[in-house]
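Derivation of every value follows stated rules applied to the coordinates shown; laboratory data play no part. Predicted model, so just to flag it, every value in this text is computed and none were measured. Virtual Cβ from ideal backbone geometry, glycine too; neighbours counted across all protein chains shown.
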Amino acid sequence: MAQASQPVARRWTQRSLAPWLFLAPGLFMFTVYVIWPIIQSVTLSFFDWNGLYNKDGQFTGTFVGMGNYAELMRDPAFETSLWNNLKWLVLYMLALPIGLFIAIFLNQTVTGIRVYKSLFFFPFVISQVVVGLIFAWFYAPNFGLFYLLTESVFGKGTAILADPDLVTYGIIVAGLWPQIAYVMILYLTGLNNVAPDQIEAARLDGAKGWRMLWYVILPQLRPATFIAVIVTVIGALRSFDLVSIMTNGGPFGSSRVLSYYMFEMALGEYGFRMGYGAAIAVVLFAIMMIFISGFIWKMWRDEKER
Amino acid sequence: MVHTLKGALALGTALMLATSAMAQDKRVVTWNADYDPIPLAAAEALIADFEAANPEIDIVLTNFDHEAYKNAIRNFLTADAPDLANWYAANRMRPFVEAGLFADISDVWAKNGLNESLASSVLSSTIDGKQYAIPYTYYQWGIYYNRDAYKAAGVDLPAEGGVSWDQFLANCEKFKAAGIDCVTTGSSALWPVAGIFDYVSMRTNGYQFHSDLAAGKISWTSPEVAAVFDNFGKLQPFVTENHAAIDWQDAAALLVQGKAANYVMGNFAVGVFKEGGMTNDNLGFMVFPEITAGVARAEEAPTDTIHLTSGAKNPEDAKTFLAYIASAEAQTKWNGAVGQLPTNKNASVDANDPFLTAGFNALSTATGGIAQFWDRDADAEYAKAGMEGFQQFLVQPDQRQAILDRLEQTRLRIYPQ
């Protein structure tokens, strides 16, 4: 007995216990609010359920196995959402070069530069809902500024949000506005940390313009670029609020993205197909995992190299 | 006794209020509703009358924000059911009936002769031969038109009974020449296009066709559906462009400003037209034109209902109140205050309101039947797929075949043959 309990007692020294104690609150929250909902979502995706319990509080769903996933494969609306998500991912990356350009432009010392910086940062501070409303009015047929502009140039106004081919691009532009500001701020802080002696040295060697940017500045901005890519990818994948505010996924579902389609199916007025919504969520989660594991792998590698 | 609650707080507060009310010696009936201010005031007046006649019963109304209610009802029916809850007739109540959350109230119908007095709503209140709802109000759909726009385009005003389909399309040509939208709608929320489609469908093939189509019994590739889309296609060039990007209220503004002549809408829009400055002098109402000669005229009239829940703690007194709500006296009073139509045929409507009078006449002479509206007659998922198809057809009429094929696939998936 005494021999058996001794190793246990030795294992729980203060040094080995302390990290777990410090981790415990975080782990608890992570389990309850992240791991557990993921397990529930995956489980739910194998059921056909309209979200109701009967009066005795019993679950009313039926098990359908992979049925929801099989249906997803044949669902044209899911295909549209997937394509739109891809458009979001690709075009959202424009926020990086534009944000960098504005950051370099603003990285100078003239009177009142703080005011200009704040003005450029402003769209990121206001809520996405407000951004969506502003752009919805901007595009609005008959009285929107954009509509009137195209009307005066081409003689016929273009109502972006009523056009199934243009609507997604219209919403992405609205999303880019605050995203560029975000990336800009990341690069501005990054530029503060660029070593002046290296620039000095490069200048003595005759580097300037693009070459200076590409070979001297950008390598030093790598940490900022890394963060900017992550927030932009995640921003593109969870593009829900703008779609919801500006079009409700319309016209006839052409501006849906996965996150909005999931909401529509699970919680929308004509939805309440919880299992199907959960299946979409699982697919979206799988797509995000590709990126997230990539980032984690890179961070882990960087940590090890140190 | 009335409480107004919003969103997530509602449930918890309702619980507390319910327990505090229990302490009184009156028998309490709890009722969850989603009324806007005017209907709420009308409901309060009904409660006051009922409590005066039944002093031993206390009706406790808990009012929810309209949008929040749609989600809240799914929780409170299971977690803490009130005795009574507002909802909608026909397929909209089916999930709750099938989950056993709404109680069978066929006895209330039988005891009070409601099959007789609520004759027009028997079908929409019945599932599998049993009644689960008390319908207390509905409103007509039809064409609201701007007389000034007719004058501006030099088009003759429609006669009392409306116009013929050919005449309507000929008028549309004239409106188009005058730069006025003949038919306007704002379909960013989808459902307004279903109103136009339903009418074209019911006027082409009749009520039974509408009902079967919504129930998934008719193929989208059938010749009957083709005939509907032929007629829908005739209307398509005259519908406001870019309707997919605007709300129904924005389209109402087009009608008010005279930029559009006709609007296929429900009677609730009259308030919006009048707020925009229209009066009984320049706002007109007509029934949707007859398309196929001899098809009995059917109308759309979505019905609002009150239900007894299965978890009700005081079902006996709740049934007494339901019987009162079904009565001609209560319906005359509530609908008179709100400006809608009573479902009880012995109730009366305000003769000074031309739109209510016209609607009452249109519905009471609709020999074809009373439809609930596409998104209440059809299963929710099927309804949505359909409405997206209708909207797409109005934007891209050349995609007709692709739309019909897709709808047919959806139908075969939801209703396996």
For chain B, modelled as a Gaussian network with Cα springs under 10 Å, which listed residue fluctuates most, B:38, B:370, B:143? B:38
Using each residue's phi in the stretch B:132-141, evaluate 6.51 cos²θ - 1.76 cosθ + 1.60 at θ = phi - 60° and report the 3J(HN,Hα) Karplus result to the nearest Hz, with x for Gly and Pro. 10, 9, 10, x, 10, 7, 8, 9, 7, 10
May I ask you to derive the FRET efficiency for residue B:147 and residue A:18 from their Cβ-Cβ distance with R0 = 60 Å, giving the value to the nearest 0.05? 0.15
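Hey, what's the Kirkwood Rh for the protein assembly as shown if you take every pair of different alpha carbons, in angstrom?
Working: mean 1/r = 0.0341 Å⁻¹.
Taking the inverse mean of 1/r over all distinct Cα pairs, the protein assembly as shown comes out at 29.3 Å.
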Note, the stretch B:251-268: 3J(HN,Hα) by Karplus (6.51, -1.76, 1.60, θ = phi - 60°), whole Hz, Gly/Pro = x, goes 5, 4, 4, 4, 5, 4, 6, x, 7, 9, 9, 10, 9, 7, 8, x, 5, 5
Can you give me the C-alpha center-to-center distance between the stretch B:119-194 and the stretch B:29-57, rounded to a whole angstrom? 33
Which links in A:117/A:208; A:87/B:259; B:217/B:313; B:70/B:313; B:217/B:259; B:217/B:384 stretch past 28 Å when you go from one Cα to the other? A:87/B:259; B:217/B:313; B:217/B:259
Evaluate peptide B:234-246: per residue, the Cβ atoms of other protein chains within 10 Å of its Cβ; return the mean as an integer. 5
Each label point is 7 Å from the Cα along the Cα-to-Cβ direction; what then is the distance between the points at residue B:176 and residue A:133, in nm? 3.8
Within a Gaussian network of chain A (alpha carbon springs, distance under 10 Å), most fluctuating of A:81, A:239, A:41: A:41
Full-extension gain between residue B:107 and residue B:75, please, as 0.36 nm times their residue separation minus the C-alpha to C-alpha distance. 8.8 nm
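Can you bin the stretch B:300-390 into rounded, prolate or oblate? Criterion: square roots of the alpha carbon gyration tensor eigenvalues sorted a ≥ b ≥ c, rounded for a/c under 1.5, prolate for a/b above b/c, oblate for the rest. Before the final figure, lay out the partial values.
Working: a/c = 2.55, a/b = 1.09, b/c = 2.34.
Oblate, since a/c reaches 1.5 and b/c is not below a/b.
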Rounded to whole Å, give me the distance from the Cα center of the stretch B:292-313 to that of the stretch B:256-282. 25
So, in nm, how far is label residue B:115 from label residue A:74 when the simple model puts each one 7 Å beyond its Cα toward the Cβ? 4.2
What residue among B:342, B:37, B:192 has the largest mean-square fluctuation in a Gaussian network model of chain B, using Cα springs under 10 Å? B:37
Report the calculated FRET efficiency for residue A:105 and residue A:218 (r = Cβ-Cβ distance, R0 = 22 Å), to the nearest 0.05. 0.90
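In the neighborhood of residue B:25, defined by Cβ-to-Cβ distances under 10 Å, what is the net charge if each Lys or Arg adds +1 and each Asp or Glu adds -1?
Details: positive: B:26, B:27; negative: B:56, B:58.
That works out to 0.
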Residue A:98 versus residue B:329: modelled label distance in nm, points set 7 Å from Cα along the beta carbon direction: 6.7
What does the C-alpha gyration tensor say about the overall shape of chain A? Classify as rounded when a/c is under 1.5, otherwise prolate if a/b is larger than b/c, or oblate. oblate
Segment residue B:345-residue B:189, extension gain: residue separation times 0.36 nm, minus the distance between their alpha carbons: 52.9 nm
Cβ-Cβ FRET estimate between residue B:399 and residue B:56, R0 fixed at 45 Å, reported to 0.05: 0.10
In the stretch B:338-357, whose amide N lies under 19 Å from the spot 7 Å out along Cα-to-Cβ of residue B:280? List them in ranges. B:338-342, B:348-357
Using alpha carbon centroids, what distance separates the stretch B:378-407 and the stretch B:328-376, in Å? 31
Of the beta bridges DSSP finds with both residues in the protein assembly as shown, what % are antiparallel, to the nearest 5? 60
Residue B:291's amide H: which non-local residues (gap 5+, or another chain) put their own amide H closer than 5 Å, with H modeled 1.01 Å from N in plane and none for Pro or chain starts? none
Indicate, rounded to the nearest 5 percent, the antiparallel portion of the DSSP beta bridges found entirely in chain B. 55
So who's got an amide H within less than 5 Å of the one on residue B:300, skipping anything under 5 residues away but keeping other chains? H placed 1.01 Å off N, in plane. B:141, B:371
